[in-house]
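Here the structure is laid out as structure tokens; the discussion comes afterwards.
The values are calculated or read from the model by the stated rules, or taken from the named source; none is laboratory data. On a predicted model such as this, the values are computed, not experimentally measured, just so you know. Glycine also receives a Cβ, built like all others from the backbone with ideal geometry; neighbour counts cover every protein chain displayed. The accessibility values were calculated without ligands, DNA or RNA, using every heavy atom of the protein model including side chains. Shrake-Rupley method; radii C 1.70, N 1.55, O 1.52, S 1.80 Å.
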Amino acid sequence: GGFMQQPTHLRWLVDDSWVDGSVGFISGRSKSYKTWIALDLALSVVSGQPFLGRYGVERTGPVLLVQEEDPTPVLQERLRLIAKTKGMLPSLKVVRSDYVEIEYPEWPLHIINLQGFNLGSTEKVAQIRKLIAEINPILVILDPLIVLLPQGVDEYKGVEVSAVLQTIKMWREEFGCAVTIVHHWNKGKNESGDRF
């Protein structure tokens, strides 16, 4: 049989959106909601709620988010707003008329925020690998690529970036996790340096 007839096993992590165990990019211009999309994906995978309100999640489990751009209050607020659209809010229990308990659901979303993670640092990469081994995430999200690249690596030089991607592919091979990399691709000469 021809190439198209060879049996393959493609399993969606999120229907029509992300293949289980795949490494890929969410990329686009500045201000094009890439980080929002990545956070929506993370909360969908941990909770089973549809991605972007419409794409079914086939497998739920822990997610590791490595975020090197937004200050903690901004990230918390974004996650809170997305969680609200998914009905993932804390529940209120009125124990007595004068006493209310708030129960925060325990979603297995693990966040490393602004810890200076860099794919060029053997030590940092080893720390992440150890964390992946501990929490066994089904999805790892790295946001954004430009900040995570080793110093001096040109994001537009394929050879240099492919060396960095080898590290990420090794996580997939070893632990079977999917990896999503957020990439802002328009840092041109005549653009301001604002990133979303």
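In region 1-40, which residues are of a type in the set (D, E, K, R), part of a loop (DSSP other than H, G, I, E, B) and open to solvent by less than 40 Å² (accessible area, probe 1.4 Å)?
Correct list: D20 only.
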Original post:
If you check Q49, Q6, which single one turns out to be at pLDDT 90 or above and not acidic (D, E)?
Top reply: Q49
Subject >> Failed item, numbered, when W107 is tested on (1) surrounded by fewer than 17 Cβ atoms within 10 Å (Cβ to Cβ); (2) closer than 23 Å to E134 by Cα; (3) among the aromatic types (F, W, Y) >> reply: (1)
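Just to check your reading of the model, which residue among V153, V147, V95, V164 is modelled with pLDDT under 90, aliphatic (A, V, I, L, M) and open to solvent by 50 Å² or more (accessible area, probe 1.4 Å)?
Numbers: V153 fails: open to solvent by 50 Å² or more (accessible area, probe 1.4 Å); V147 fails: open to solvent by 50 Å² or more (accessible area, probe 1.4 Å); V164 fails: open to solvent by 50 Å² or more (accessible area, probe 1.4 Å).
The unique qualifying residue is V95.
Within region 41-56, which residues are farther than 16 Å from V140 by Cβ and either surrounded by fewer than 17 Cβ atoms within 10 Å (Cβ to Cβ) or not small (G, A, S) (or both)? I'd like the intermediate steps shown before the answer.
Residues of region 41-56 that are farther than 16 Å from V140 by Cβ, as a first pass: 47-56.
Once the filter is applied, which keeps residues that are farther than 16 Å from V140 by Cβ and either surrounded by fewer than 17 Cβ atoms within 10 Å (Cβ to Cβ) or not small (G, A, S) (or both), region 41-56 yields G48, Q49, P50, F51, L52, G53, R54, Y55, G56.
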**OP:** Starting from region 161-175, take each residue that is of a type in the set (D, E, K, R) and list its partners that are at pLDDT 90 or above and assigned to a helix (DSSP H, G or I), counting only C-beta distances under 6 angstrom and pairs at least six apart or across chains.
**Re:** none
